[in-house]
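Throughout, read-outs are computed from the coordinates displayed, never taken from laboratory work. For clarity, every value in this text was computed on a predicted model and none was experimentally measured. We place every Cβ from the backbone using ideal geometry, glycine too, and count neighbours over all the protein chains shown.
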Amino acid sequence: MNSSSDRSSRDDSVRHRVVAIDGPAGSGKSTVAKRLANVAGLEYLDTGAMYRAVTFAVILRNVDPEDSVAVTQVAEDCTIVQHEDGTVTVDGVDATVEIRGSLVSSVVSLVSSHEGVRRELVSRQRQWVRTRGGGVLDGRDIATAVFPDALLKVYLTASPEVRATRRTSQGSSEAQTGNSDTNDDYERVLLDIQRRDKLDSEREHDPLRQDADAYLVDTSDMTIDEVVALLSNLFDEALRSISD
């Protein structure tokens with residue numbers, strides 16, 4: 001990131017109420033972030049869906065996902081809209097189901113690793129916060145790269161085995177959607193999670209890691225309600241700290 005981008009991030013974080021939630025796949029980020037946003041009276045942005053949407057566009061346009069220049073061009077050109085009802089459109093096409101499918105899942109870590117893609121989507125994420133005056137964002141680099149001075153930074157995690165169980169159960173409950181991931185058994189999902197963890201943590205640009213100032217929350221033995229309640233209390237404490 002250049003110095004002007006860093007200053008922009010700091011300015012946004014100081015002015016606005018930003019909650020940054022990072023963590024690996026299956027740790028419960030999206031579910032927790034959505035519910036926390038509702039409790040805190042903030043809007044929610046699923047940054048992972050943005051990277052998946054770009055990946056969908058890359059596949060749709062038959063672009064080589066290893067071609068950094070071409071993939072970056074797709075990221076800069078495509079229109080991504082996350083609607084209030086949960087649907088996601090890419091260039092006007094409803095891609096809600098497809099961005100969660102196995103084809104996108106198998107390529108998204110590679111697409112996300114390109115510096116140009118991250119630069120473009122980070123810019124969009126910061127603009128989203130400026131427009132709304134804050135928000136809850138979840139992803140893999142929100143606290144470390146996008147908003148390093150966020151009001152509240154949280155790193156959610158869980159054991160790979162727990163995360164695989166969650167993904168397998170989720171797939172079973174969503175079988176009627178036609179999502180090609182839903183027939184994957186536990187072992188296959190576990191291997192995919194381990195593969196993505198490795199790719200995300202070892203990528204050159206903005207790798208997945210816990211920020212030094214982020215609260216570490218292991219959700220392995222916690223319910224969603226318990227995690228949301230904990231984060232809600234942390235958010236209230238963060239608000240009091242800036243008002244004192």
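How much length, in nm to one decimal, is gained on full extension between D77 and E204, taken as 0.36 nm per residue of separation minus their Cα-Cα distance?
43.4 nm is the gain from fully extending D77 to E204.
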Worksheet entry | Local electrostatic count, V81, Cβ distance below 13 Å [Lys/Arg +1, Asp/Glu -1] | -4
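Restricting things to Cα coordinates, could you compute the convex hull volume per residue of the chain in Å³?
Working: hull volume 30.1 nm³, N = 244.
With only Cα atoms used, the chain gives 123 Å³ per residue.
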Practice prompt. Kindly point out which whole DSSP H helices in the chain project their C-alpha atoms 15 angstrom or further along the helix axis while averaging a Kyte-Doolittle hydropathy of -1.0 or above.
Written response: 29-40, 47-60, 102-112, 224-243
Response to the item:
Kirkwood radius from Cα pairs of segment 68-210 plugged into Stokes-Einstein at 25 °C, 0.890 mPa s, gives D in µm²/s equal to 146
